[in-house]
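Shown next, in structure tokens, is the structure this report addresses.
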Amino acid sequence: MAHVIISENLPPNIDPTKAPIAFGERALPKLNEELQNANLLTRQRALMALCDLVHDPEIAYQAISLGFLETLKGLLSDENRTVRQKTTEVFYLLANHNVGRDGFLSSDVIIPLSQLLDDPVNLCRVNMHKAFEMLSEFPYGAVGLVDAGLVPKLVKKLETEVEEVQELILDTLYFCLRVEACEALQAGAVSILKEKLQHPSVAIRSKAAYAMMGVCVPMAGKDAVCKEEVIPILVQLLGDTDAEVRANAAGALMSATITTPGKYAALHSGAITALLPLVKDSLSKVRLNTLKCLTNLSETSEGRKTLLDHTALLQELLDDPSEAVRKAATTALSVIQWKP
């Protein structure tokens, strides 16, 4: 006679680490209730399930409409590290959507999230910085981060954070510095970024040079770069083996050499000799930034005199595949060949 044996194992499509999703319109409200449950396991499973759901922008929109952001803000101070980690992951996933970024600002998420700057759990900080970096890529998001007073804190964190987080901070700072650089300058950004320009990590050197471009936007930043002798280091980076480092170093020099002190600091550091080989670089961004920097240097009599011997090299770029490079080459030649 046959017997029915019922397995004690869960069905293969059931994940015990995630909360079961209710049917239809009840799904998200039920998850929101579970996120506020006093039982730790219930909160953890609800967060696991929510992480999967908010990849969908429509669900992200519904979750924000139902008040999830207020619930999640409360979970940032949870004593359990897993709860904080998964909460910051949800915030990062939401920051990938327009509706999520708008929600960050309308629900004042930035300051509560920034309370985790000193969290002992590395993943919590990584997720938090990923969310801030994504937010900063949009002008209104960068303004929100600046208005929250986050820039000086991010600058200081560059001195103590692990490399992975430093990279995220440098990306965030670049976009914030384009909005407002004064607070970063007051926090010692130039000296800290100067140190990062010499970091053994290619990614950190590249991103530090990128952030230095943002520092050089205001006149105070250009003056500080000259005063703290950053320009010789940027000239040295023009010979870096990584193309992105070369491009960003040339870009930072381009910004710094707008002023007369910046021009002469670059000339005395051998910038023209270092820049000329880069007009043939395989990366168009390197060629473009190099030409713009050479144009700035040719505005001095010494620079123009030196570059007049290399006009044939620059004329070859008039046929460059990149339209931007062709225009920059035309401008450079007109400045170099200018006669009073």
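Points to keep in mind about this one:
- Enumerated helices (runs of 4 or more DSSP H) restricted to the stretch 32-85, each holding at least 2 residues that are under 21 Å from ILE110 (Cα atoms) and under 25 Å from the mean Cα position of the chain (by Cα): 57-65, 68-75
Residues are listed down the side, and each one gets a yes or a no for (1) more than 17 Å from SER298 (Cα to Cα); (2) of a type outside the set (Ser, Thr, Tyr); (3) crowded, with 24+ Cβ neighbours inside 10 Å:
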residue	(1), (2), (3)
LEU234	yes, yes, yes
ALA256	no, yes, yes
TYR264	no, no, no
ILE272	no, yes, no
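- Options ASP240, ASP223: the member that is of a type in the set (D, E, K, R) and closer than 16 Å to ASP281 by Cβ: ASP240
- Hits in the stretch 296-331 - residues which are small (Gly, Ala, Ser) and out of contact with any helix residue (DSSP H, G or I) (no Cβ under 8 Å at 6 or more places or on another chain): SER301, ALA312
- Residue that is loosely packed, with under 15 Cβ neighbours inside 10 Å and not charged (D, E, K, R), where the choices are ALA38, ALA60: ALA38
- Near pairs, Cβ below 6 angstrom, 6+ apart or cross-chain, from the stretch 113-128 (on the phi > 0 side of the Ramachandran plot) to any residue that is part of a loop (DSSP other than H, G, I, E, B) and not aromatic (Phe, Trp, Tyr): none
- Filter result for ALA208 (closer than 28 Å to MET128 by Cα, open to solvent by less than 10 Å² (accessible area, probe 1.4 Å), of a type in the set (Gly, Ala, Ser) and modelled with pLDDT of 95 or more): yes
- Any hit, the stretch 161-169, residues being acidic (Asp, Glu), out of contact with any strand residue (DSSP E or B) (no Cβ under 6 Å at 6 or more places or on another chain) and open to solvent by less than 60 Å² (accessible area, probe 1.4 Å): yes
- Given (1) open to solvent by 20 Å² or more (accessible area, probe 1.4 Å); (2) modelled with pLDDT under 95; (3) of a type outside the set (D, E, K, R), index of the condition VAL202 fails: (2)
- Residue count for the stretch 86-105 satisfying the condition of being assigned to a helix (DSSP H, G or I) and within 19 Å of ASP147 (Cβ to Cβ): 7.
- With a requirement of 1 or more residues that are under 16 Å from the mean Cα position of the chain (by Cα), the helices (runs of 4 or more DSSP H) lying completely within the stretch 128-237 that satisfy it span 139-147, 151-157, 163-179, 182-186, 189-196, 202-215.
- Any hit, the stretch 239-247, residues being open to solvent by 10 Å² or more (accessible area, probe 1.4 Å), over 21 Å from LYS207 (Cα atoms) and not in a helix (DSSP H, G or I): no
- Close pairs (6 angstrom Cβ cut-off, 6 or more residues apart or separate chains): within 18 Å of ASN248 (Cα to Cα) in the stretch 179-194, open to solvent by less than 10 Å² (accessible area, probe 1.4 Å) and outside any helix (DSSP H, G or I) anywhere: ILE192/LEU158; LYS194/VAL230
The values are calculated or read from the model by the stated rules, or taken from the named source; none is laboratory data. What you see is a predicted model; the values in this text were computed from it and never measured. Here Cβ is always computed from backbone atoms with ideal geometry, including for glycine, and neighbour counts include all displayed protein chains. Surface areas here come from the heavy atoms of the whole protein model, side chains and all, with no ligands, DNA or RNA. Shrake-Rupley method; radii C 1.70, N 1.55, O 1.52, S 1.80 Å.
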